[in-house]
Amino acid sequence: MRTASTGTTLSLADWLMKCMMRHMTRAEQAERTRQAVLDTARELFADRGFAGTSLQDIADAMNVRKANVYYYFKTKAAILDALLDERVTALESLLDHAESQSSIQARRELVVTGYVDEVVKAYRTVAPVDFADPAVRSQPEVAARLDALTERFAAALFGQQPTVDQLAGLAVLQDLKPVLRALDRLPDEELRQALRRLCERLLT
């Protein structure tokens, strides 16, 4: 098979491989662009809030047309759902591991350590979305997924009949932004230790 650009002859296998490589490159580029939309949206949601951010704002921050953002996500809710996937996947993996432990104490220690690690990593490396934001919670699918995740955390930490005080402590730990800001100057390991102590007090 002769190529139009160079006039060289390629075997069918070589031609198919070249087509596949071109396709993979486009797919990889598409994935990079999609991730850039998510990263930009995450920062804007954290800075302005979900309600205060539009698809046009995201496009402007990326210096692209709104149509480029719309190609990947038709609504802000779709972006929010994709960002939630990132968080839920990590926490579900943690819960899967915790639920394999035989005792409540072992599950609690594993959940507290893993949860604190995720919180600190997100705080230090990305602008985490505020899933306690009323505008975020007003999205029915997002609220349902977060509620289901909270129920799994409660069962892993306390068993099937948590007390009111335990549920209240768990609710407080779902929004640690004020604590993180207050302890921002601590080195990461000291911050983790402080958060673990807080978790242990609130969850007992």
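The values are calculated or read from the model by the stated rules, or taken from the named source; none is laboratory data. Keep in mind that this is a model prediction, so the values were computed, not measured. Positions of Cβ are backbone-derived with ideal geometry, glycine not excepted, and every protein chain shown enters the neighbour counts.
The table for this structure:
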item	result
Residues located in segment 27-42, provided they are surrounded by fewer than 17 Cβ atoms within 10 Å (Cβ to Cβ) and either part of a loop (DSSP other than H, G, I, E, B) or not aliphatic (A, V, I, L, M) (or both)	28, 29, 31, 32, 33, 34, 35, 39
When residues of segment 105-135 are limited to those that are in contact with a Leu (Cβ under 8 Å, 6 or more places away or on another chain) and at pLDDT below 90, the one surrounded by the fewest Cβ atoms within 10 Å (Cβ to Cβ)	123
So residue 146, is it modelled with pLDDT of 85 or more, closer than 24 Å to residue 55 by Cα and part of a helix (DSSP H, G or I)	yes
Breaking point among (1) in a loop (DSSP other than H, G, I, E, B); (2) over 17 Å from residue 46 (Cα atoms); (3) modelled with pLDDT of 90 or more, for residue 184	(2)
Failed item in (1) under 16 Å from the mean Cα position of the chain (by Cα); (2) in contact (Cβ under 8 Å) with a residue 24 or more places away in the chain, with residue 158 passing the rest	(1)
